[in-house]
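Working notes, beginning with the structure itself.
Values quoted throughout were computed directly from the atomic coordinates according to the rules given, and no laboratory measurement underlies them. Treat the numbers as computed from the prediction; the structure is a model and nothing was measured. Here Cβ is always computed from backbone atoms with ideal geometry, including for glycine, and neighbour counts include all displayed protein chains.
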Amino acid sequence: MLVGAVLGLARGAAAEGEAESSDPELPAFHEQRLPLAAWTLGIGLATLVFVFRSRRGKPPVIRRLAALDAVDEAIGRATEMGRPVLFVPGIMDMNDIQTVAGVTLLGRVARTAAEYDAQVEVPTSRSLVMEAARDAVQSACLAAGRPEAYQPDRVHYVTDEQFAYVAHVTGSMVRERPAACFLMGTFYGESLILAETGNHVGAIQIAGTGETSQLPFFVAACDYTLIGEEFFVASAYLSGEPDQLGSVQAQDAAKIAVIAFVVIGTLVATAAVIWADAAWLHETSDFLRSAVGARP
Amino acid sequence: MIARQAVPLAIAIGAGLLMAVSYFLRPLGWMSESASEIFNVVSAIAFVLGAGSLLKANLSTISRRDRGWGYAAVTLGAFLVTLVVGMGKMGVNPSPSSPQAAWSGDQQTAETPFGWIYEFVLSPLSATMFALLAFFVASAAFRAFRAKNAGAAVLLVTAFVVLLGRTYAGVVLTDWMPGWASGLRLENLSNYLMGVFGSAGNRAILIGIALGVAATSLRILLGLDRSWLSREGGG
């Protein structure tokens with residue numbers, strides 16, 4: 001998981017930097033990326049501040065997320081019914097942060113399942129994800145004090161092909177009739193096929209993704225859905241650790257800063273149109289645009 | 001036992017921070033390029049593990065005669081046939097540039113057995129699965145668009161307007177409206193709903209996702225979230 005996550009997350013930036021990195025004429029720092037660097041540093045500093053505050057005994061209060069509160073209920077139901085729990089970590093590789101978030105959540109789900117003595121089935125569409133998922137499930141079983149609950153064959157690779165993977169997972173759903181389905185990661189056209197099949201077999205379904213185009217399908221077909229940022233805070237929420245909760249507070253602080261930028265930027269841009277002669281309004285508007293990385 | 005966690009954590013933090021910095025500094029740009037190449041190599045190695053897992057899972061399903069073991073047999077047969085045909089480059093003609101090398105030709109074309117399998121077996125099967133989506137959309141829409149309360153009724157009406165506005169029927173139905181009321185034509189209402197309310201909601205979610213991605217990455221890079229670390233051996 002380590003190799004996949006670290007190398008994979010950097011992969012997207014590779015193509016962009018390929019052409020420029022060898023040109024000695026260009027300055028060392030990407031000037032166009034200065035706003036992004038400033039935002040990254042700001043969020044990083046806010047994270048450190050809130051983590052230290054949290055460590056000093058001021059952990060933030062996070063609103064309850066029904067989807068995460070239902071995790072125990074879903075696994076408990078699976079245990080009572082003697083049916084497995086199905087966890088689908090999306091269809092992308094470890095170079096996708098949503099897959100990383102999904103596998104992290106798998107660890108939490110697997111731990112609860114090990115405590116309840118429920119079986120977790122994890123079909124994956126990428127070999128690296130299979131390895132990462134096995135690590136996560138094994139760690140969870142150890143943390144739950146039940147190392148014997150770990151069965152590596154239950155975390156298995158199916159295929160990289162999107163719809164062949166869907167055919168396997170939906171077929172398996174119909175045959176095994178899992179009592180709970182977790183759909184956590186990156187999904188595309190297959191999201192509704194998976195969620196509707198889960199609905200038809202009567203499973204409790206909890207989904208989470210950052211793909212905005214797939215969210216309506218999950219909302220329509222699943223019992224609970226982690227929408228966008230909720231999906232990314234889920235791991236911190238379930239851990240309950242002050243450090244991780246502090247980072248969630250930093251995320252909220254950054255959101256407040258973004259909202260302030262949007263409101264101030266909208267007012268300044270509108271004023272610049274009304275008072276077209278006021279040069280300082282145009283300069284301020286251009287500065288705010290560049291601060292969020294937009295072209296003036 | 002400490003090394004089992006400390007070493008991977010140090011690699012993750014060090015490599016992750018370097019990758020982040022290399023995005024902003026041109027002289028370090030080569031790091032991202034190398035990382036991309038290493039990722040491909042690691043993925044290729046991991047694929048062998050994946051194939052092993054696929055074989056093991058399907059063989060044990062067949063040997064235990066579990067429900068649906070026939071499907072496992074078909075999967076295994078298809079996997080082995082494709083593997084032999086692909087790895088053996090069966091039926092591939094020599095390329096014009098190297099006519100002396102029997103297997104030097106391209107096997108991605110439909111003239112080769114491997115290309116034929118892709119073109120006339122895998123593609124139609126994938127298209128069939130995708131086509132099923134239409135029926136799933138219908139059943140999900142039937143459930144989602146029931147006017148159970150005021151909010152659901154608003155959703156139903158909005159969906160109806162957007163759906164009609166995106167079809168020619170919507171244009172025909174409200175074409176009679178005078179110019180001063182053109183904003184109420186279904187196609188314009190649909191565009192307005194999607195462009196104003198839809199975009200605003202979508203962007204709000206996207207901003208939240210972007211911040212969530214940043215926070216998740218920082219949690220991993222700063223070592224706050226270590227749930228991904230293997231604890232093999234009880235560490």
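Taking only Cα atoms and a 10 Å spring cutoff, compute GNM fluctuations for chain A and point out the largest among A:PHE232, A:PHE261, A:PHE218.
It is A:PHE261.
Identify the chymotrypsin sites (Phe, Trp or Tyr not before Pro) of segment A:152-208 meeting these criteria: DSSP loop state and at most 16 other C-beta atoms within 10 Å of the C-beta.
Within segment A:152-208, the qualifying chymotrypsin sites (Phe, Trp or Tyr not before Pro) (loop, at most 16 other Cβ atoms within 10 Å) are A:TYR188.
How large is log10 of I(q)/I(0) for the protein assembly as shown at q = 0.06, 0.10, 0.12 Å⁻¹ when the intensity is taken from the Debye formula with one equal scatterer per alpha-carbon?
For the protein assembly as shown, the Cα-only Debye profile gives -0.35, -0.97, -1.31.
Can you compute the FRET efficiency between B:GLN108 and B:VAL21 using 1/(1 + (r/R0)^6), with r the Cβ-Cβ distance and R0 = 51 Å? Round to the nearest 0.05.
The computed FRET efficiency comes out at 0.85.
At a Förster distance of 41 Å, what's the computed FRET efficiency of B:ARG166 paired with A:LEU36, Cβ-Cβ distance as r, to 0.05?
0.70
Measure nothing fancy, just the Cα-based angle from helix A:191-200's long axis to the longest principal axis of chain A, in degrees from 0 to 90, nearest 10.
40
For segment B:135-221, what does the equivalent ellipsoid look like in terms of its semi-axes, each the square root of 5 times an eigenvalue of the Cα gyration tensor, given largest first in whole Å?
Ellipsoid semi-axes (Å, largest first): 34, 19, 11.
Within the set of other residues whose C-beta is less than 14 Å from the C-beta of B:PHE136, count the net charge using Lys and Arg as +1 and Asp and Glu as -1.
-1
Could you put B:ASP66, A:ASP243, A:ASP252 in order, starting from the residue whose Cβ has the fewest other Cβ atoms within 10 Å?
B:ASP66, A:ASP252, A:ASP243
Hey, got a sec? Which chymotrypsin sites (Phe, Trp or Tyr not before Pro) in segment B:25-129 land in a DSSP loop and have at most 14 other Cβ atoms within 10 Å?
When the chymotrypsin sites (Phe, Trp or Tyr not before Pro) of segment B:25-129 are filtered for loop state and at most 14 Cβ neighbours within 10 Å, B:TRP103 remain.
Between A:HIS200 and B:TRP116, what FRET efficiency comes out of the Förster formula 1/(1 + (r/R0)^6) with R0 = 35 Å and r the beta carbon distance, rounded to 0.05?
The value I calculate is 0.50.
Take A:GLU80, project a point 7 Å from its Cα along the Cβ direction, then tell me which residues of segment A:208-243 have their backbone nitrogen under 20 Å from it.
In segment A:208-243, the label zone of A:GLU80 (backbone N under 20 Å from the point 7 Å along Cα→Cβ) covers A:223-224.
For B:ALA181 and B:LYS56, calculate 0.36 nm times their separation in residues minus their Cα-Cα distance, and state this gained length in nm to one decimal.
Stretched out fully, the B:ALA181 to B:LYS56 stretch lengthens by 38.4 nm.
Could you give the C-alpha radius of gyration of segment A:71-227 expressed as a fraction of 2.2 N^0.38 Å, taking N as the number of residues it contains?
Normalised Rg, Cα atoms only: 0.92.
Separation between the A:GLU241 and B:SER34 pseudo-spin-labels, each 7 Å from Cα along Cα→Cβ, expressed in nm?
3.0
Sort A:ASP135, A:ASP72 so the one with the fewest other Cβ atoms within 10 Å of its own Cβ comes first.
Fewest-to-most ranking of A:ASP135, A:ASP72: A:ASP72, A:ASP135.
With +1 on each Lys and Arg Cβ and -1 on each Asp and Glu Cβ, and nothing else charged, work out how big the dipole of segment A:112-262 is about its Cα centre, in Debye to the nearest 20.
Dipole of segment A:112-262, to the nearest 20 debye: 160 debye.
Which of A:SER191, A:SER235, A:SER213 moves most in a GNM of chain A, Cα contacts under 10 Å?
A:SER213
Can you list which of the DSSP-assigned H helices in chain B have a Cα extent of 15 Å or more along the long axis and an average Kyte-Doolittle score of at least -0.5?
Sorted by number, the helices that extend far enough and score high enough are B:2-22, B:29-64, B:69-87, B:133-144, B:150-165, B:199-221.
Rg/Rh for segment A:19-82: what does it come to with C-alpha atoms and Rh from Kirkwood?
For segment A:19-82, the value is 1.35.
Taking a quarter of the surface of the convex hull around the Cα atoms of chain B, what do you get in nm²?
25.6
Can you grab the distance from the C-alpha centre of segment A:177-242 to the C-alpha centre of segment A:88-156, Å, no decimals?
So the two Cα centres are separated by 16 Å.
What do you get for Rg/Rh over segment B:92-198 if you use C-alpha atoms and the Kirkwood form of Rh?
Using Cα coordinates only, the ratio equals 1.37.
Taking only Cα atoms and a 10 Å spring cutoff, compute GNM fluctuations for chain A and point out the largest among A:MET130, A:MET94, A:MET81.
Comparing A:MET130, A:MET94, A:MET81 in the GNM, the peak value goes to A:MET81.
Just to be sure I understand the curve: with the Debye formula and one point per C-alpha of chain A, what is log10 I(q)/I(0) at q = 0.07, 0.09 Å⁻¹?
-0.34, -0.55
Projected area of segment A:34-131, taken from the Cα convex hull and averaged over every viewing direction, in nm²?
Orientation-averaged projected area of the Cα hull: 9.0 nm².
Can you tell me the mean projection area, over all orientations, of the convex hull of segment A:202-267's alpha carbons? Units nm², please.
Computing the convex hull of the Cα atoms and averaging its projections yields 5.9 nm².
May I have the convex hull volume per residue, in Å³, for the Cα set of segment A:254-296?
54
Could you put A:ILE227, B:ILE11 in order, starting from the residue whose Cβ has the fewest other Cβ atoms within 10 Å?
Ordered by Cβ neighbours within 10 Å, fewest first: B:ILE11, A:ILE227.
When the expected Rg is taken as 2.2 N^0.38 Å, what fraction or multiple of it is the alpha-carbon Rg of segment A:183-296?
Normalised Rg, Cα atoms only: 1.54.
Along the principal axes of its C-alpha atoms, what lengths does segment B:2-133 span, in descending order and rounded to whole Å?
The Cα atoms of segment B:2-133 stretch 50, 48, 35 Å along the principal axes, largest first.
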